[in-house]
Amino acid sequence: MKIANIKTAATTGHGMHLWVKVETDAGITGIGECVHGGVQAIAIIDYLKERLIGADPFAIDAHFEGLRRGHVFDGGMSGALITALTGIEIALWDLKGKALKVPIYELLGGKFRDRIRVYADCEVNPGMDFGQITQVVDGVLERGFTAFKIDVDGGSAKNKDAFNKTASEWEHDRMVRLVEMAHRAAGEEIAVGVDVHTNLDVPSAVRLARDLEQFHVMWLEEPVPPENYDAMREVKRSSSTPICSGENLYLRHGFRDLIEKQAVDIIMPDIPKCGGLSECRKIANLAELYYIPFAPHNVASPIGTLASAHTCATIPNFLIIEFHWLQRDYWTTIIQEKEDIIKDGYIHLSDRPGIGVELDEEVGRQYQYPGTSWFA
C-alpha cells in the first residue's frame, strides 16, 4: 500500500479546523484534524505532500521526523509547520488502524483505561452575577460533567493598561469573587479550573494563586506567559494551588525545560496542534518521570477529540481532557455517527478501527472556512 494523495478542507469553529485526508492506492483513507495552524498550514501540507506520495503510510514516526528535520530552518520546532505535520500524522494513524482493523490505542501499546474523563470549558465570565453563573453551571452538571473551567480574566477593567500585566486591586478581587461564586454554584465534589490566559505578571499571579487556595481549584491555567519557565516556577512554588500550562508549546523539545524544571504541576499539550498522537505520548512519558499529570488542552471537533483520547488511554499519568464546544450546534452532526462521543462526562473508547468516527463532509461544507477549498 502506498500514499496516493493528501487533501485538505477547513471548517469554522474555534478558529479554523483543518481536515487532512490521506488516500492510498488500496482505497483506504485516513482522516486527521489539526487546529490553530491557519491558512499557512494548508499551504504547508500542499507543499509537503509531494514528499509523501508513493511512500509507505505505516511509517508514521519516520515520516513525521523526516519532514520535521528536513524543514528545521522553515520552522521545524513549532508553529504552523508542526501543526500541519500533526494533521497528517493523525490521518496516518486513522488510516493504519483501518487497514489493520484495530483502534489506534492498540497500535500505541494498549489501554490503561477504558474511559477518558472530560471537563467542560464553559461560559462563565467576568461580569456575571451568581444567578447567571449558577444557570451555566447547572447546565454543565446536567450533562454529567464532574469538572469545568472558567475564564476569570477579560471584560471591562478599571485603570488597566492593555499591555501591562499587573492586576489592579479591583481586578484581583473580581477574579477571586468569580471563582468563589463558581465554586459555590458547583459544590464541593465538582472540580473547577481557572484560566487567565497568560495575562498576569509574577506578583499578580502569586497573589491570585494564594487567594485561590481556599477553593481547592483543579488548577490555575497559564497565570504568566509560558515562554519564561523560571517565572512560571516562581508562581508554582509560591502556593499550593496547582499550576497548569503548555497549550502553546510544541513537541517534546518545547516541553522539556518546563517539565525538567518542574515549573508546573500539570501539563496541557494541545494534541491536534503540537505534534500529534505519538509525539504527545512521548511528552506524557517525559512528564510521568516527574509525576506530572497530563491534561490536554482541546478545542477540536469530535474527530480530533477522539483521536486525542486514544493517546490519553495509553499513558499512565492522564488526568482529564478539555471539551470546548458547549455553545456550538454541530458537535454531533459533523460526524457520520450522529452521536455524542461524550456520555456523562466521559469518552468511552470503542473497538472501532482507526479513530472510530468519520467526518460527514456534507455537514462540514455548511461550515466551510471562507477562502478555502474542499478536499480539492
The listed residue being surrounded by fewer than 18 Cβ atoms within 10 Å (Cβ to Cβ) and in contact with a Leu (Cβ under 8 Å, 6 or more places away or on another chain), out of 123, 89: 123
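Restricting to the range 189-204, and then to whatever is aliphatic (A, V, I, L, M) and under 19 Å from the mean Cα position of the chain (by Cα), can you tell me which residue is surrounded by the fewest Cβ atoms within 10 Å (Cβ to Cβ)?
Per the criteria, the residue is 191.
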Residue within the range 127-141 that is polar (S, T, N, Q) and part of a loop (DSSP other than H, G, I, E, B) present: no
Pick from the range 261-291, criterion part of a helix (DSSP H, G or I) and among the charged types (D, E, K, R), ranking: surrounded by the most Cβ atoms within 10 Å (Cβ to Cβ): 273
Hey, residue 183 within 23 Å of the chain's Cα centre (by Cα), free of Cβ contacts under 8 Å to residues at least 60 places away in the same chain and within 30 Å of residue 341 (Cα to Cα) or not: no
Residue within the range 57-67 that is free of Cβ contacts under 8 Å to residues at least 12 places away in the same chain, within 25 Å of residue 107 (Cβ to Cβ) and not in a helix (DSSP H, G or I) present: yes
Residue in the range 114-121 that is touching a helix residue (DSSP H, G or I) at 6+ places or on another chain (Cβ under 6 Å), of a type outside the set (A, V, I, L, M) and at pLDDT 95 or above present: no
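Could you please let me know if residue 77 is assigned to a loop (DSSP other than H, G, I, E, B) and touching a Ser or Thr at 6+ places or on another chain (Cβ under 6 Å)?
Criteria not met by residue 77.
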Among (1) touching a residue at least 12 places away in the same chain (Cβ under 8 Å); (2) of a type in the set (Gly, Ala, Ser); (3) closer than 26 Å to residue 362 by Cβ - the single one residue 27 does not satisfy: (1)
Residue among 151, 138 that is under 23 Å from the mean Cα position of the chain (by Cα) and over 24 Å from residue 230 (Cβ atoms): 151
Output for the range 29-60, where each listed residue is β-branched (Val, Ile, Thr) and surrounded by 18 or more Cβ atoms within 10 Å (Cβ to Cβ): 29, 31, 35, 42, 44, 45, 60
Residue within the range 307-314 that is part of a loop (DSSP other than H, G, I, E, B) and touching a strand residue (DSSP E or B) at 6+ places or on another chain (Cβ under 8 Å) present: no
Checking residue 155 against (1) in contact with a helix residue (DSSP H, G or I) (Cβ under 9 Å, 6 or more places away or on another chain); (2) farther than 30 Å from residue 219 by Cβ; (3) at pLDDT below 95, the condition it does not meet: (2)
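The values are calculated or read from the model by the stated rules, or taken from the named source; none is laboratory data. All values reported here derive from a predicted model rather than from experimental measurement. We place every Cβ from the backbone using ideal geometry, glycine too, and count neighbours over all the protein chains shown.
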